[in-house]
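The structure appears below as structure tokens.
Read-outs throughout are calculated quantities, based only on the coordinates presented, and are distinct from any laboratory measurement. All values reported here derive from a predicted model rather than from experimental measurement. All Cβ positions, even for glycine, are placed from backbone atoms using ideal geometry, and neighbour counts span all protein chains on display.
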Amino acid sequence: MTKIMLVCSAGMSTSLLVTKMSAAAVKNNLEANIFAVAEADAKKHFDDVDVVLLGPQVRFLLGKMKELLEPKGIPVDVINGIDYGMMNGEKVLNQALGLMEMAKGE
């Protein structure tokens with residue numbers, strides 16, 4: 001099962017995106033555990049995720065998160081602002097899956 005963590009300011013603004021990403025995963029027959037957390041709680045999940053996506057509002061965390069997660073083989077990136085604003089679950093899911101593929105290929 002693929003585990004995707006979304007990080008935002010309070011963990012609330014991404015809840016709709018999680019729902020849309022989960023629906024896209026089901027549509028594509030992908031077993032995925034997609035969840036959102038507040039930035040303060042993100043570290044609690046570092047040992048149990050495959051990929052981390054940051055909400056655009058916390059893009060300032062990218063360098064710090066990469067420093068902590070990339071040595072563990074966990075890719076991190078910022079969600080595309082347009083996809084986030086449009087709550088495009090399919091595109092954000094594909095972004096996460098693409099990051100995982102790139103990390104495996106390195």
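Before moving on, here are some points about what is shown:
- Overall, the chain carries a charge dipole of about 160 debye about its Cα centre when +1 sits on the Cβ of Lys and Arg and -1 on the Cβ of Asp and Glu, all other atoms neutral.
- Set Lys20/Lys104; Lys3/Lys91; Lys3/Lys64; Lys43/Lys66 screened for pairs whose C-alpha atoms are more than 23 Å apart: Lys20/Lys104
- Estimated 222 nm signal from helices in the chain, with DSSP H stretches of n ≥ 4 weighted -39500 (n - 2.57), rounded to 500: -12000 deg cm²/dmol
- Here the contact order of the chain, divided by its residue count and restricted to Cα pairs under 8 Å and six or more residues apart, works out to 32 percent.
- Under a Gaussian network description of the chain, with springs only between Cα atoms under 10 Å, the residue in Ala25, Ala36, Ala96 that fluctuates furthest is Ala25.
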